[in-house]
Amino acid sequence: TKQLDWHPLMYSGEEYDPELPEEVVLLAAGVYIQDDRAEIAVVGFGDEEECWWIENRVVWGDFDQPHVQLQVDDYLATKWKHPSGAELGITATAVDSGHKTKAVYRFCKTRAVRRVWPVKGSPTPYAPLVTPSVKRHYGMTTFNVGTDTAKDAIFSRLELQDEGPRYVHFPKPVVNNLRTGFDEKFYRHLCSETIVETFERGVYKRRYVKTQARNEALDKFVYVLAAYDILKPNIPRVRISVLPKAKEEPAKEYVIKPAAPLVPSLPVRPPLRRRVGGVLAGGKKWL
């Protein structure tokens, strides 16, 4: 077994100004449904899947109730300020449908145009991160999430020491705004599972087990990665479409060279002379 230490993550918090880092060009969300609440994580993505946690939010109440769904919907419509002057909203959201299933399906069905997708965790070992379900529910496609695969990806990211591709950034908690969900409890929940490897009747097995009762932060991150994987965004193209500074950058100049002829040029042949009644055209006799 191997347990990831949460202390270094908690002390690695950064200040985002004003609300989003400059490198973020896309926001994805994961919604984890429980009996009495819906927990929401918002994560920003940049080049090569480098990501920044932005906010955690809890909406209290039974998700079967319409007023609770409206509160979740209002939060998913939030805009965040980007240093470029743009305001970014959430591009894709994955909602856990393993609990309050019918309510989640109805919620996602009416918001499919906003890329709000129902997902369900699958314990199948080595399953793909995301696979469309064979069955359609409420006339829409649902998605199965390989939870072990997602957690492998998460813990490999959390172990990275250098900023760059796939690195995970965390914000410093700020008391005077909404960014207050990054306390010790959050980091403990994020690192609350470990791999246990066993041999049962000669067969190697590995599985994730909890080291404490609650793991909401980890589950939310699983759903965020699922939303990003379903979307499969082209980040450079997204940057140009949503950020003003990216639009203002001059386009690269390309020198267009004339194409080489496909067939080498041949010498021009002289025109043929026709024989007319034994006399060549031009008045000379045919020899």
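The values are calculated or read from the model by the stated rules, or taken from the named source; none is laboratory data. Please read all numbers here as calculations on a predicted model, not as lab measurements. Neighbour counts run over all protein chains shown; Cβ positions are idealised from the backbone, glycine included. What goes into the accessible areas is simple: the full protein's heavy atoms, side chains included, and nothing from ligands, DNA or RNA. Shrake-Rupley method; radii C 1.70, N 1.55, O 1.52, S 1.80 Å.
A few points about this structure:
- Placing a label point 7 Å from the Cα of Arg136 along the Cα-to-Cβ direction, the residues of region 95-109 with a backbone N closer than 16 Å are 106, 109.
- Under Karplus coefficients 6.51, -1.76 and 1.60, residue-wise ³J(HN,Hα) of region 146-151 in Hz, glycine/proline x: x, 5, 5, 5, 5, 5
- Restricting the chymotrypsin sites (Phe, Trp or Tyr not before Pro) of region 56-128 to loop positions (DSSP other than H, G, I, E, B) with no more than 16 neighbouring Cβ atoms within 10 Å leaves Tyr126.
- Sorting 21-28, 65-72, 193-200 by average packing, meaning the other beta carbons within 10 Å per residue, from highest down gives 21-28, 65-72, 193-200.
- Mean Cβ neighbour count within 10 Å, used as a protection proxy, ranking 96-102, 237-243 highest first: 96-102, 237-243
- Under-5 Å amide H pairs with Ser84, H placed in peptide plane, nonlocal only: none
- Antiparallel bridge percentage (DSSP; both residues within region 98-173; nearest 5): 55
- Residues His67 and Arg166, FRET efficiency given R0 of 25 Å [Cβ-Cβ distance, rounded to 0.05]: 0.05
- Net length gained if the chain between Lys79 and Arg214 were fully extended (0.36 nm per residue, minus Cα distance): 45.7 nm
- Vicinal HN-Hα couplings computed from phi for region 89-103 (Karplus, 6.51 cos²θ - 1.76 cosθ + 1.60; Hz; Gly/Pro x): x, 7, 7, 8, 9, 10, 10, 5, 9, x, 9, 6, 4, 5, 5
- Near Glu193, the amide H atoms lying under 5 Å from its own belong to Thr211; only residues 5 or more places off or on other chains count, and H is placed 1.01 Å from N.
- Region 1-85, Rg to Rh (Cα coordinates; Rh as Kirkwood inverse mean 1/r): 1.04
- Listed values for region 211-228 are Karplus-derived 3J(HN,Hα) couplings in whole Hz (6.51 cos²θ - 1.76 cosθ + 1.60, θ = phi - 60°), namely 9, 8, 5, 10, 8, 4, 4, 5, 5, 5, 5, 4, 6, 4, 5, 5, 4, 5, and x replaces Gly and Pro.
- Heavy-atom accessible surface of region 1-95: percent carbon and sulfur, 1.4 Å: 45
- Pairs exceeding a 26 Å alpha-carbon distance, out of Lys120/Lys205; Lys185/Lys245; Lys79/Lys245; Lys120/Lys210; Lys79/Lys102; Lys79/Lys109: Lys185/Lys245; Lys79/Lys102.
- Taking Lys and Arg as +1 and Asp and Glu as -1, the other residues whose beta-carbon sits under 11 Å from that of Pro66 total -2.
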